[in-house]
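Visitor: Shown below is the structure under consideration.
The values are calculated or read from the model by the stated rules, or taken from the named source; none is laboratory data. Quick caveat: nothing in here was measured; it's all calculated off a predicted structure. Every residue, glycine among them, receives a Cβ derived from its backbone with ideal geometry; neighbour counts consider all protein chains shown. Just the protein is used for accessible areas: all its heavy atoms, side chains included, with ligands, DNA and RNA removed. Shrake-Rupley method; radii C 1.70, N 1.55, O 1.52, S 1.80 Å.
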Amino acid sequence: MPVKVSVIVPVYNPGTYIEDCIASLKRQSLPPDEYEAIFVDDGSTDDTPARLDALAAEDPRMRVIHQENSGWSGKPRNVGIEASRGEFVMFVDNDDYLGDEALERMYDYAVANGADVVVGKMAGQGRGVPVELFRRNHPRASVENAPLLDSLTPHKMVRRAFLDRTGLRFPEGRRRLEDHVFVTEAYLRADNVSVLSDYVCYYHVRRDDSSNAGFQRFDPVGYFRNLREALDVVEKYTEPGPVRDRLYRRWLRVEMVERLRGRRFLGLPDDYRRELFKEIHEVVVERFGPGVAAPLQPTQQVVAALTAADRYDDVVEFAQWEASVAPKASPVGVEWQDGALRISFTAEYACAREPMTFPAQAGPAPLTDAPKDVAEAIAWVGAQNAARFGSATADLLLRARSSAAQYFQPVKFTRESVPAGEDGQVRLVLRATATVDPAALPEDGFWDAVVRVKLAGWTKECRLGPASRSGRPEPHPGVIAGRVVRPYWTDPHGNLSLEVGDGGKHLALGRANIGVSGGRFRATVPVYVPSDTEVRLRLTRLTAAGGSVDTPATLSPAADRPGAVVSAPLPAGGLARASWRPALCLTPDRATPRFHRLSLALRATRDGVQVVPVPQQPGLGQRLVRKARRTAGAALRRAESKIKSRRT
C-alpha cells in the first residue's frame, strides 16, 4: 500500500517530553501501512537516540535518522523531506502531539479539496494558538480570504509533489523564523490551502520548564534580520498594493507592535527593551509604508506611530496604561431551553478595575502623525473606539480543561452605550446570549466558559465570572442526548464551567415530592430533560443484609415547576419489609452506570410503603470525636486497672 503521509519530527534532547508525541503517532486512525514517522535526531546528547533506535526496532512505521547537530530545526526537517515516501509530509515538533484522527482527517480533507497545504485546528497547552483562523472550515483558503498568516508555525500537512515542484525547503543553520519563510512561501505558491477547523489535529505544548525554543529570549539583531527574509518572500511573490500591505501588517502587528505593548513589554529588563525597540524601529522605518499601519486597531496604530517616531519613553508610558486595561464578562442568566443551555452575559472593558468610559460622540479622525504625548494618544484611542463601537463583538468559547481544545458557540448580541457621569462619557457594553448544545461537545470532561471580546481597540479573553453567590443563576444539571451536563460555578473564583459526562460529582437530587401510589414510585428531581428520557431506579435496602433492586424508569419534564418527574413501577413482587433508599442512574446505557442518591427513603411495612427520612450516618467529624472518646476511655480504664493492681 502506498504511504499516504510521512510525519517528520526533528529531535533534539526532548527527554521524556517526546513520549506523548510517540504515543500519539502510534494511536493514529490511519491504517498502519499508510503512514510513517521519520525522527531526525539532530545530535541529541541525552538518552533520546537510544530510545528512538529501540522504537524503530519494534515498530516498522517508525524510522530514525541520526545526524550531527545543525543548530536549529530547518536542516532536520529538510533531511526528513528527502527521506519521506509519503504523498504528503506532516511536520510535528518533538514536544507536541497529534489528535488520534489527525493524519486521516487531514489527508482526506487534502484529497477532497485538491490542497497542497492543510492547516489543522490547533489547541495550545500553555501556548498561544490561532483562534479566528479556526472559527470554521475553509476548504479553499488564501491569504486574501482567510487569516492564514495567523498560523506561521510549521505544523502543517504539505503535498510532497508541491515541495519538489517548487523546490521549497526550510532555511538551515542557527537562526530564527525559518518556519515563517517556509510557510509564507507555501501559502503564496500553493494551488490551494485548506483549513480544517472541526477537529483538533495538533496540540502545541509548553514544557513545564518552559524550555521550548519559542520561549527563549532571542537576540533582537539576529531575529529581525531573519524576519526581513520573510518580508522578502512577500515582496517576491506579491505586487505592491493592498495585498502586500495586508501581509506585511501581520509582522508589524504580531512580531513588532505586540512585543511593545502592556505587561509583555514592561516585564522585560530595560536594557533589553531598548535594544528590542531599536531593532523594531529600524524595520518599521525601512520596510513599511503608511498603508501598512493604517488599518490596525487604534491602540496598535498608536504604538506603531510612536515607534516610527523613535519615542521609546512614550511607548513605555503607553504600555503602562494598557497594562491596566482588561475585559470583564459578567453572567446574567444560565438556563435550559429547548435542549440547549442558554448563557447570557454582559461584556465591557475596565481600566484599573473600573469600567472604561468613552466620549458619547466622536468622529473617525485618522492618525496622520504620532500623538504629541501619551495623554493625547489615550484620548484619540477613546474617540476612535467610540466611533467603531458598531463593529464590536463578543464570543463565547468552551475550552476543554484536559486538552485546551476550544470551540466557538453560537452567540447573539446587542451593543449598548450606557451613560456614565455628567461629562458626556458612556460605557460601551455588549449584551450577549450564547446557545450551547451539549451533544455537540466532542468529549466528556470539564469545559470552561471563556468570553472573547473585540471592543475598544483590543481583542482579549477572560473567564465568564466572577459571579457573586447572591443572586447568581443556579441552573439544574441536564440530561441531553445520553449525557449528563452539570453547569457550576468554580470555587473560589466563581467562574462558569460545565462538567459533561456522568463520572464526576454526585448530583444533589434533593428530597422534594417523593411518593408511592398505585404501585409506582414518583419523585420530582432538580434535573432538566427536554423530553421523556429513559433512566433507571435502584432501591437499596438499608439493613445489614443489604441488597438492591433495579427497575426501568422514565424522567419527564415537570409541567408546573422547574425540574423533572421520575416515574417507575415498584418490583412486581413488592418490597421486603425494610427501609429502601432510592437512587437514579441518568445514563443507563453507560458501560459503568452511576447512581445518584435521593435524600429520602421508602419504608415497606405490612400496611404499605411510606416515605421516611434517610437514617443519618455520622459524618467524618462525628466519627473522629467518637473514636477519640473511645480511645481516651480505653486509656483511662487501663490506667485505673494498673492503679488497682498496684494497690493489691
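Visitor: Exactly one condition in (1) surrounded by 19 or more Cβ atoms within 10 Å (Cβ to Cβ); (2) closer than 21 Å to ALA340 by Cα is not met by ASP437; state its number.
Guide: (1)
Visitor: Hey, another quick one. Could you go through the range 393-415 and let me know if any residue there is touching a helix residue (DSSP H, G or I) at 6+ places or on another chain (Cβ under 9 Å) and under 22 Å from GLN301 (Cα atoms).
Guide: Scanning the range 393-415, I find no residue that is touching a helix residue (DSSP H, G or I) at 6+ places or on another chain (Cβ under 9 Å) and under 22 Å from GLN301 (Cα atoms), so the answer is no.
Visitor: Now for a different question. Restricting to the range 127-150, name every residue that is open to solvent by 60 Å² or more (accessible area, probe 1.4 Å) and among the small types (Gly, Ala, Ser).
Guide: The one that is open to solvent by 60 Å² or more (accessible area, probe 1.4 Å) and among the small types (Gly, Ala, Ser): GLY128.
Visitor: Continuing with the same structure: Name the helices (runs of 4 or more DSSP H) wholly within the range 17-90 that hold at least 3 residues that are more than 31 Å from the chain's Cα centre (by Cα) and aliphatic (A, V, I, L, M)?
Guide: 48-58, 74-83
Visitor: If you don't mind, there's one more thing I want to ask. Considering only the range 541-567, how many residues are more than 24 Å from ASP437 (Cα to Cα), in contact (Cβ under 8 Å) with a residue 12 or more places away in the chain and within 41 Å of the chain's Cα centre (by Cα)?
Guide: Looking only at that region, the number is 5.
Visitor: Of all the strands (runs of 3 or more DSSP E) wholly in the range 467-561, which have at least 2 residues that are of a type outside the set (Lys, Arg) and within 27 Å of LEU441 (Cβ to Cβ)?
Guide: 478-480, 483-489, 496-500, 533-541, 548-557
Visitor: For the range 340-356, check the following and say yes or no: at least one residue is open to solvent by less than 40 Å² (accessible area, probe 1.4 Å), out of contact with any strand residue (DSSP E or B) (no Cβ under 9 Å at 6 or more places or on another chain) and among the hydrophobic types (A, V, I, L, M, F, W, C).
Guide: no
Visitor: Here's something else I'd like to know. Out of the residues in the range 91-104 meeting the condition of being over 21 Å from the mean Cα position of the chain (by Cα) and either open to solvent by less than 40 Å² (accessible area, probe 1.4 Å) or aromatic (Phe, Trp, Tyr) (or both), tell me which one is nearest to SER197 (Cα to Cα).
Guide: My answer is LEU103.
Visitor: Restricting the search to the range 440-466, which residues are open to solvent by less than 60 Å² (accessible area, probe 1.4 Å) and in a loop (DSSP other than H, G, I, E, B)?
Guide: Passing the criteria: LEU441, GLU443, ALA456, GLY457, LEU464.
Visitor: Exactly one of (1) at pLDDT 95 or above; (2) closer than 29 Å to CYS585 by Cα; (3) among the charged types (D, E, K, R) is unmet by ARG483. Its number?
Guide: (1)
Visitor: Is there a residue in the range 571-587 that is buried (at least 17 other Cβ atoms within 10 Å of the Cβ), at pLDDT 90 or above and outside any strand (DSSP E or B)?
Guide: yes
Visitor: Please give the number of the condition TRP458 fails out of (1) in contact (Cβ under 8 Å) with a residue 12 or more places away in the chain; (2) more than 22 Å from ASN495 (Cβ to Cβ).
Guide: (2)
Visitor: Sticking with this one: Among helices (runs of 4 or more DSSP H) lying entirely in the range 205-287, which contain 3 or more residues that are within 25 Å of ASP95 (Cβ to Cβ) and modelled with pLDDT of 95 or more?
Guide: Qualifying helices (runs of 4 or more DSSP H): 220-237.
Visitor: For the range 496-527, which positions are at negative phi and open to solvent by less than 20 Å² (accessible area, probe 1.4 Å)?
Guide: If the condition is that a residue be at negative phi and open to solvent by less than 20 Å² (accessible area, probe 1.4 Å), then LEU496, SER497, LEU498, GLU499, VAL500, ASP502, LEU507, LEU509, PHE521, ALA523, VAL525, VAL527 are the ones that fit.
Visitor: Follow-up. Select, from ARG127, ARG105, the only residue that is of a type outside the set (Asp, Glu), modelled with pLDDT under 95 and touching a Gly at 6+ places or on another chain (Cβ under 9 Å).
Guide: Matching residue, one of ARG127, ARG105: ARG127.
Residues are listed down the side, and each one gets a yes or a no for (1) of a type in the set (A, V, I, L, M); (2) in contact with a Leu (Cβ under 8 Å, 6 or more places away or on another chain); (3) modelled with pLDDT of 90 or more:
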site: VAL426; (1), (2), (3): yes, no, yes
site: GLU443; (1), (2), (3): no, no, yes
site: VAL451; (1), (2), (3): yes, yes, yes
site: LEU464; (1), (2), (3): yes, yes, yes
site: SER468; (1), (2), (3): no, no, no
site: PRO477; (1), (2), (3): no, yes, yes
site: LEU498; (1), (2), (3): yes, yes, yes
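Visitor: Within the range 242-271, track down each residue that is open to solvent by 60 Å² or more (accessible area, probe 1.4 Å) and in contact (Cβ under 8 Å) with a residue 24 or more places away in the chain.
Guide: PRO242, ARG246, ARG253, ARG263
Visitor: Look at the range 357-382 and say how many of its residues are within 35 Å of the chain's Cα centre (by Cα), β-branched (Val, Ile, Thr) and open to solvent by 40 Å² or more (accessible area, probe 1.4 Å).
Guide: Qualifying residue count, the range 357-382: 2.
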